[in-house]
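K.L.:
One structure coming up, written as C-alpha cells, with questions to follow.
The values are calculated or read from the model by the stated rules, or taken from the named source; none is laboratory data. These figures come from a predicted structure and were not determined experimentally. Quick reminder, even Gly has a Cβ in these numbers, built from the backbone with ideal geometry, and neighbours come from all protein chains shown. Surface accessibility is based on the protein's heavy atoms, side chains included, excluding ligands, DNA and RNA. Shrake-Rupley method; radii C 1.70, N 1.55, O 1.52, S 1.80 Å.
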Amino acid sequence: DTYECRPHLPGEIRAALLGRTLTAAHRRGKSMWCETSDGGPDLGIHLGMSGRILISAPTSAKGPGEVVEGGDYAGPPTGRPDLDVWFRFTLAFADGGALRLLDKRRLGRVRLDPDLSALGPDAQAVTRADFRARVGRGTAPLKARLLDQSVLAGVGNLLADQALWQSRLSPRRPAGELTKAELDRLHDELGAAIGDAIANGGVHTGSVVAYRKAGQHCPRCGAEMACATVGGRTTWWCPAEQR
C-alpha cells in the first residue's frame, strides 16, 4: 500500500528485504521494528489506531498454518477473503508463513530504518527518577504531558485516563505542581495499568474504561464521571477523587 508504506516507492521495501531473515524484534512505545540479517535495514511497523498484525505459521501437509493475531481488539473477522483489501503490507516467508498488517483505516505505517529519535523512553521501562524529571515539570495539564510521545513513548488516551484514575490525580492539574510522592505513585500505577492491559488483551480492558460514558459513575466511589477535552483528547475522570 503506497500510502501505508510512504515515503518508499513501490518495490523499494521488497528489494531491501528479499532473501533476508528477521533476526530480532523490538518495541518502544507504539513503534515496533525488526532487525534483518546481513546488515540489512530495520523493518519498522506502527499499528496506528486500529491496525492488527497477523502471523501465519508455516504451511504443512494439513494445509495453512495457524494464524496468531496481535494488535487492536476491534474489527471484523480476519478469515474473510473480501477483507484482503485491508491488508496493507504482507511479508511472505520461505516456509509458507507470512506476516501481514491489517489496517482498515490506513493509519499505520511500514518503513525501513524508522527514525525513533523524537520518542521518549518507553512508558513501561522508564525509571522513577526519569519519570519525575520528564513528567513533573511545566504548566501543561498532566494528561497532556502523559500523551506527549517525546516525554514518554506509548501512552494513549485510554491508558492515560486509566492511570490517572488509579492514581487519583486530576488530568487537568498542571504537571509541574505534582509532588515527588504523587509522581512516584503515578509512575507505579501507569506501569500497573500497562501490565494489566498486556495481560488482558488491550487498554480497552481497563477497570475504568467501561465507565467513560455520559451518565456513568466511578466504579470506586460512585460519583458521576466528568468529561472534558484535555490535551486535545476527550477525557473522563472522577471529580470526587481526582480533584
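K.L.:
Between residue 2 and residue 117, with labels modelled 7 Å along Cα→Cβ, what's the label distance in nm to one decimal, could you check?
P.N.:
A separation of 2.9 nm, rounded to one decimal place.
K.L.:
Run the numbers for residue 177 and residue 210: contour at 0.36 nm per residue of separation, minus the present Cα-Cα distance, in nm. If you can, show how the numbers build up before the last one.
P.N.:
Details: separation 33, 0.36 × 33 = 11.88 nm, distance 2.94 nm.
Residue separation times 0.36 nm, minus the Cα-Cα distance, leaves 8.9 nm.
K.L.:
With no solvent and one point per C-alpha, what does the Debye sum give as log10 I(q)/I(0) for the stretch 107-243 at q = 0.13, 0.18 Å⁻¹?
P.N.:
Cα-only, vacuum Debye calculation for the stretch 107-243: -0.53, -1.00.
K.L.:
Another one. With all protein chains present and a 1.4 Å probe, how do 137, 14, 212, 185 order by accessible area, largest first? Please list the in-between numbers first.
P.N.:
Details: 137 125, 14 155, 212 40, 185 95 Å².
Heavy-atom accessible area, descending, gives 14, 137, 185, 212.
K.L.:
Using a Cα distance threshold of under 23 Å, what count of lysine pairs results for the chain when pairs must be 8 or more residues apart or interchain?
P.N.:
Numbers: 30/104; 30/143; 143/180; 143/213.
Summing the qualifying lysine pairs gives 4.
K.L.:
Accessible area per residue, 1.4 Å probe, Å², for the stretch 7-52: what's the number? Let's see the in-between values first.
P.N.:
Details: 2610 Å² over 46 residues.
Using a 1.4 Å probe on heavy atoms only, each residue of the stretch 7-52 averages 57 Å².
K.L.:
Kirkwood Rh over Cα pairs of the stretch 109-181 into Stokes-Einstein at 37 °C, 0.692 mPa s: D in µm²/s?
P.N.:
On the way: Rh = 12.9 Å.
In µm²/s, the coefficient is 254.
K.L.:
Can you give the Kirkwood hydrodynamic radius for the chain, in Å, rounded to one decimal and based on Cα pairs? Mind showing how you got there, number by number?
P.N.:
Values: mean 1/r = 0.0504 Å⁻¹.
Roughly 19.8 Å, rounded to one decimal.
K.L.:
According to a simple spin-label model (label point 7 Å from Cα along Cα-to-Cβ), what is the distance in nm between residue 68 and residue 240?
P.N.:
Reported label-point gap for residue 240 and residue 68 is 4.4 nm.
K.L.:
Once you have the Cα-Cα distance between residue 18 and residue 220, take 0.36 nm times their residue separation minus that, and quote the gain in nm to one decimal.
P.N.:
On the way: separation 202, 0.36 × 202 = 72.72 nm, distance 5.37 nm.
Between residue 18 and residue 220, full extension yields an extra 67.4 nm.
K.L.:
List the residues, sorted by chain then number, that are 5 or more residues from residue 224 or on another chain and whose placed amide H is less than 5 Å from its amide H.
P.N.:
218
K.L.:
Could you report the accessible area of residue 119 in Å², rounded to 10, computed with a 1.4 Å probe on the protein chains as they sit in the structure?
P.N.:
About 40 Å², ignoring ligands and nucleic acids.
K.L.:
I've got another one for you. Of 43, 98, 229, whose Cα points farthest to the positive end of the dipole of the chain (charges on the beta-carbon: +1 Lys, Arg; -1 Asp, Glu; origin at the Cα centre)?
P.N.:
Checking the options against the dipole of the chain, the answer is 229.
K.L.:
For residue 89, what residues show an amide H to amide H distance below 5 Å, using hydrogens built from the backbone and excluding near sequence neighbours?
P.N.:
Amide H to amide H, under 5 Å and 5 or more residues apart or across chains, residue 89 pairs with 101.
K.L.:
Could you give the length gained on full extension between residue 59 and residue 128, defined as 0.36 nm per residue of separation minus the Cα-Cα distance, in nm?
P.N.:
Working: separation 69, 0.36 × 69 = 24.84 nm, distance 4.61 nm.
Using 0.36 nm per residue and subtracting the Cα-Cα distance, I get 20.2 nm.
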